Amino acid sequence: MTDNVVVETPGASDASERPGGVQGVSAVLTERGVRQPLGTANVRLGGEGLWGVWQERNRSRTIHHTIREVRAAGNLDNLRAVAQPGSPVASEREAQGAAPTEYRGRYPFLDTDVFKTLEGIAYEIGRGEADAETTDFFEESVALLESAQQDDGYLNSYFQAETVEKQPWDDLAWGHELYNLGHLIQAAVAASRQMGDRRLLDIASRFADLAVRKLGPDGQNAVDGHPEAEMALVELFRETGNRDYLTLAELLVDRRGHGTVELRVFPAEYFQDNAPFRELDSVTGHAVRMAYLAAGATDVALENGDETLLEASERLWRDMSRTKLYITGGLGSRHSDEAIGDRFELPSERSYSETCAAIATMQWAWRLHLATGDTHYLDAFETVLYNAYAAGLSSDGCAFFYDNPLQRRPDHQQRTGAEPDGEILRRAWFVCPCCPPNIVRWMSELQDYVATTGVGADENTLFIGQYTTANIDSDGLSLDMQTAYPFEGDIRLTVTASEGASRTLALRVPAWCHSATVTVNGESVAAEAATADGWLRVEREWVVGDSVELHLDMPVRAHGSHPAVDGTRGAIAIARGPLVFAAEQEDNEAPLDDIVVSVDDVSRARVVPTDLDGHAETQAVAIVLPATIAATRADSELYPELTSGRAASAGTVNPSAATPDASPTQLALIPYYLWGNREPLTMRVWLRRDIPSVTTERK
């Protein structure tokens, strides 16, 4: 925990001393934690691994789909309409005699759809793998942003629109101006670090300078209604060395919680404004805002050596992971305000688990890991990535879930926010399309989260925290990692370059794994046992050709839930490795509501291949296990009376496999992230569990 934190008061920093402008470095580039991330230049994903397949699909399908949807929605037209007088874009509009146009879209933060897309594209251009359509969109967008920015640095096409009556900074609670700034900064930092292109960085810095003047130490005591700028401002400080940005981020974290946000519609908890972050009892309110705030607070804590702030972040994480996360890693159980519910309020069919919240949770987890080195955060990162996040995108890369339920009833209609109707399953785009471009940027930067190096006592250690096919370079040691993970538990690392010095290779043993072995060149080695810190360490003088094989035992597992979780009490969920599995009606002969599973049934499960992922390069797996059909009678009461001495019947909440009309069946399950790619039928993660009926004698 915080005992591992490197607490160091940063001195004055100069841009020349920072890593800004160096291509191929990580999206999060702190120098203050106990782990230093390897960046794009040091980790390259292989096309045969799942992450590489996802990234290629993102590059060839999702980015193109997103570009076309953004164009069709009018996001670029909004920027074009507010081009400043004298700019090339404004001159072109004047030559065409263009009249003022209505702002297109419902929300004031639609510029961020462009920014998030640009952030993902910057990685693809930096890798030299972007095609003409992608590059043209980047160039057109940058030119529009340069033309739209006001002389004072302000940039927001909604508030700048001639047809919008609201003025800049008039509605911080709902205007999302700093939220916009945050995503602009992250796109700008990505362009600088991946492409060596500082045009967006100049735009973002001018807007950030205005925010410092407006809301900094000498400005208004206010915060944005939607946290996001906090972690972005810290990253801008890391990129430029300008401490004003770090100061503003710190102020935004510490101002919130004092009734700072003007309340309309929702209470203070929605905005995390009910108590200061350092004093919050639990994660609360809008799930995305909460996790973004916590990630930003962790960044501030790292850069300022603020132990109290870091301890608050860790404490809130512990409470969340123990009482408020779904088994998939999803965060948020309330549709009405996209919010986190009470402790243990985790209903399956009402799981909101917004895709953006999954990304925000991973961002928070990653920063806590860099700060502390604790593998618990990597375990959580992995769970979210393969389940709550991955489910948000269709197999073809062109349709999206906004919310991610753990159960679908036959008559359920997928809705998002306040939309009056919805699609049956995933949608090509949304009225509030925050999730699709967020997926784009996260897919593009996945390699940034594979490996780290240590500092202090661990400075000679290369930590491999996530497993996928990749090439990894670290201080003269190069490795080729090959694996079918997360479908199989074998990972092979081959040394392709080495300076011959002694190095420690640390391999994470996930919390779900109860048996792990490692060999070097086919022989068992005296590796340090994986203790509570979750690492297997091998130290030696590595030579080219050395082969390290890690085997993670990966049986099918049965999971129950905490007795306080009413929504899944007495139910059972199936997992294998980091993957949670779901049953879809297409694969099963009996109605899913009638299928009963026991822990013994799970012990007899078989793992079989499936092609539902749609990619020849990877081989996803399904699970088949014996189960029982306990058919519910058509005339069963909604709430039948239970009497002492009477066994629970098929129509009650406690069915037994011994029910007279029960019959055997086979239950098939697929990885949860692949659900919803076929027909709109029933889906369940949590299944009816066979619990022997208990009767009591009347005394």
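A short reminder: the numbers here are calculations on the coordinates, not readings from a lab. Please read these numbers as outputs of a predicted model, since none were measured by experiment. Glycine also receives a Cβ, built like all others from the backbone with ideal geometry; neighbour counts cover every protein chain displayed.
With contacts taken as Cα pairs under 8 Å and at least 6 residues apart, segment 278-413 reaches a relative contact order of 26 percent.
Given +1 on the Cβ of Lys and Arg, -1 on the Cβ of Asp and Glu, and no further charges, what dipole in debye does the chain carry about its Cα centre, rounded to the nearest 20? Walk me through the intermediate numbers first.
Numbers: 61 positive and 106 negative charges, 285 e Å.
The calculation lands at about 1360 debye.
Under the simplified labelling scheme, the Asp171-Glu679 pair shows an inter-label distance of 4.5 nm, with each label point 7 Å from Cα along Cα→Cβ. Under 14 Å from a point 7 Å along the Cα-to-Cβ line of Ala275: which residues of segment 281-308 have their amide N that close? Output list for this probe position: 281-285.
Calculate the FRET efficiency for Glu459 and Asp131 from the Cβ-Cβ distance with a Förster distance of 25 Å, rounded to the nearest 0.05. Display every interim value, and only then the final one.
Working: r = 41 Å, r/R0 = 1.62.
Working from the Cβ atoms, E equals 0.05.
The distance linking segment 192-211 with segment 535-587 is 41 Å (Cα centroid to Cα centroid, whole angstrom). Taking amide hydrogens as placed 1.01 Å from N in the peptide plane, the amide H of Gly105 sits under 5 Å from that of no residue at least 5 positions away in sequence or on another chain. Separation of segment 437-467 from segment 253-313 is 26 Å, based on Cα centroids. For chymotrypsin sites (Phe, Trp or Tyr not before Pro), no site in segment 479-553 is both called loop by DSSP and has at most 13 other Cβ atoms within 10 Å.
Put +1 on the Cβ of each Lys and Arg and -1 on the Cβ of each Asp and Glu in the chain; which of Ala275, Ala190, Leu79 then has its Cα farthest toward the positive end of the dipole? Result: Ala275, furthest along the dipole toward the positive end.
Taking the Cα centre of segment 282-328 as origin, work out the dipole magnitude from +1 charges on Lys and Arg Cβ and -1 charges on Asp and Glu Cβ, in debye rounded to 20.
Details: 5 positive and 7 negative charges, 81 e Å.
With only Lys, Arg, Asp and Glu charged at Cβ, the dipole is about 380 debye.
Potential lengthening of the chain between Asp480 and Tyr639 amounts to 51.4 nm, from the contour at 0.36 nm per residue minus the alpha-carbon distance. Note on the chain: helix-only mean residue ellipticity at 222 nm, from DSSP H runs of 4+ residues weighted -39500 (n - 2.57) and normalised by residue number, equals -9500 deg cm²/dmol.
Based on other C-beta atoms within 10 Å, arrange Ser515, Ser26, Ser282, Ser321 from fewest to most. List each step's numbers first, then the result.
Working: Ser515 11, Ser26 23, Ser282 14, Ser321 19.
Final ranking by Cβ density, sparse to dense: Ser515, Ser282, Ser321, Ser26.
Considering Cα pairs under 8 angstrom that are at least six residues apart, work out the relative contact order of the chain and quote it in whole percent. Write out the running numbers ahead of the final one.
Details: 1528 pairs, mean separation 95.9, N = 699.
Across the chain, relative contact order equals 14 percent.
Need one number: % antiparallel among DSSP beta bridges in the chain, to the nearest 5. Display every interim value, and only then the final one.
Details: 74 of 80 bridges.
Just about 90 percent of them are antiparallel.
Counted by neighbouring Cβ atoms within 10 Å, the residues Ser524, Ser478, Ser147 run from fewest to most as Ser524, Ser478, Ser147. Across the options Ala590, Ala222, Pro433, the greatest Cα extent toward the positive end of the charge dipole of the chain (unit charges at beta carbon of Lys, Arg, Asp, Glu) belongs to Ala590.
Quick one: order Leu201, Leu251 by neighbouring beta-carbon count within 10 Å, fewest to most. Intermediate values should be presented prior to the final figure.
Numbers: Leu201 24, Leu251 21.
Starting with the residue having the fewest Cβ neighbours, the order is Leu251, Leu201.
Please give the length that would be gained between Asp202 and Ser60 if that part of the chain were fully extended, namely 0.36 nm times their separation in residues minus their C-alpha to C-alpha distance (nm, one decimal).
Details: separation 142, 0.36 × 142 = 51.12 nm, distance 2.93 nm.
Stretched out fully, the Asp202 to Ser60 stretch lengthens by 48.2 nm.
For segment 536-559, the residues whose backbone nitrogen is under 16 Å from a point 7 Å from the Cα of Glu48, taken along Cα to Cβ, are 547-550.
Loop-located trypsin sites (Lys or Arg not before Pro) in segment 84-181 (DSSP state other than H, G, I, E, B) with a sparse environment of at most 14 neighbouring Cβ atoms within 10 Å: Arg106, Lys166. Simple spin-label estimate for Gln619 and Arg106 gives 4.6 nm between the two label positions (7 Å along the Cα-to-Cβ direction from each Cα).
Thr163 to Glu586: extension gain in nm, 0.36 nm per residue of separation minus the Cα-Cα distance? Walk me through the numbers on the way to the answer.
Working: separation 423, 0.36 × 423 = 152.28 nm, distance 5.00 nm.
147.3 nm is the gain from fully extending Thr163 to Glu586.
Here the spin labels are modelled as points 7 Å beyond Cα on the Cα-Cβ line, and at Ala501 and Asp411 they lie 6.8 nm apart.
Rounded to the nearest 20, the Cβ-based charge dipole of segment 482-556 about its Cα centre (Lys and Arg +1, Asp and Glu -1) stands at 120 debye.
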